[in-house]
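The values are calculated or read from the model by the stated rules, or taken from the named source; none is laboratory data. Quick caveat: nothing in here was measured; it's all calculated off a predicted structure. Glycine also receives a Cβ, built like all others from the backbone with ideal geometry; neighbour counts cover every protein chain displayed.
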Amino acid sequence: MSLSAEILLGRISGGAPWKNAFNITPSDVDVLAHSTSAIILGGGDGTLRVDMVGGGEAVDFAGLITGEVYRIQVTKIHATGTASTGIVGLY
């Protein structure tokens, strides 16, 4: 994997540690209680369909791996299009 892909996937360490976390139940309607600084998958590899903090259309992140921290800032994780489980938001 290239360095740019590693950065995109949030696998490069750095930055301040997270101060809080919360369990996320995907929903096509509800926005998250907090925008995330990162997401970790605790229960299954798969895909996330998310709304990013910057707005725009929903985007799919495929091929995500359980236990990895992905530094993506999201406001919503959709139920439709999300196949991952055990999702935790970090902020």
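Would you point out the residue of the stretch 70-81, among those that are among the aliphatic types (A, V, I, L, M) and part of a loop (DSSP other than H, G, I, E, B), that is surrounded by the fewest Cβ atoms within 10 Å (Cβ to Cβ)?
Filtering the stretch 70-81 down to residues among the aliphatic types (A, V, I, L, M) leaves 72, 74, 77, 79.
Still in the running and part of a loop (DSSP other than H, G, I, E, B): 72, 79.
Numbers: Ile72: 19, Ala79: 13.
The selected residue is Ala79.
In the stretch 15-53, which residue that is β-branched (Val, Ile, Thr) and not in a loop (DSSP other than H, G, I, E, B) is modelled with the highest pLDDT? In this case the residue turns out to be Val50.
If we keep just the residues of the stretch 15-48 that are buried (at least 18 other Cβ atoms within 10 Å of the Cβ) and hydroxyl-bearing (Ser, Thr, Tyr), which is farthest from Ser84 (Cα to Cα)?
Kept after step one, since they are buried (at least 18 other Cβ atoms within 10 Å of the Cβ), are these residues of the stretch 15-48: 24, 26, 32, 36-41, 48.
Checking which are hydroxyl-bearing (Ser, Thr, Tyr) leaves us with 36-37.
On the way: Thr36: 17, Ser37: 18 Å.
Among residues in the stretch 15-48 that are buried (at least 18 other Cβ atoms within 10 Å of the Cβ) and hydroxyl-bearing (Ser, Thr, Tyr), the one farthest from Ser84 (Cα to Cα) is Ser37.
How about the stretch 21-54: which of its residues are among the small types (Gly, Ala, Ser) and either touching a Lys or Arg at 6+ places or on another chain (Cβ under 7 Å) or in contact (Cβ under 8 Å) with a residue 40 or more places away in the chain (or both)?
Here is the first cut: in the stretch 21-54, the ones among the small types (Gly, Ala, Ser) are 21, 27, 33, 35, 37-38, 42-44, 46, 54.
Answer for the stretch 21-54, where residues must be among the small types (Gly, Ala, Ser) and either touching a Lys or Arg at 6+ places or on another chain (Cβ under 7 Å) or in contact (Cβ under 8 Å) with a residue 40 or more places away in the chain (or both): Ala21, Ser27, Ser35, Ser37, Ala38, Gly42, Gly43, Gly44.
The residues of the stretch 49-69 that are buried (at least 17 other Cβ atoms within 10 Å of the Cβ) and either β-branched (Val, Ile, Thr) or more than 19 Å from Val31 (Cβ to Cβ) (or both), listed by number, are Val50, Leu64, Val69.
All conditions in (1) modelled with pLDDT of 95 or more; (2) part of a loop (DSSP other than H, G, I, E, B) hold for Ile12, with the sole exception of (1).
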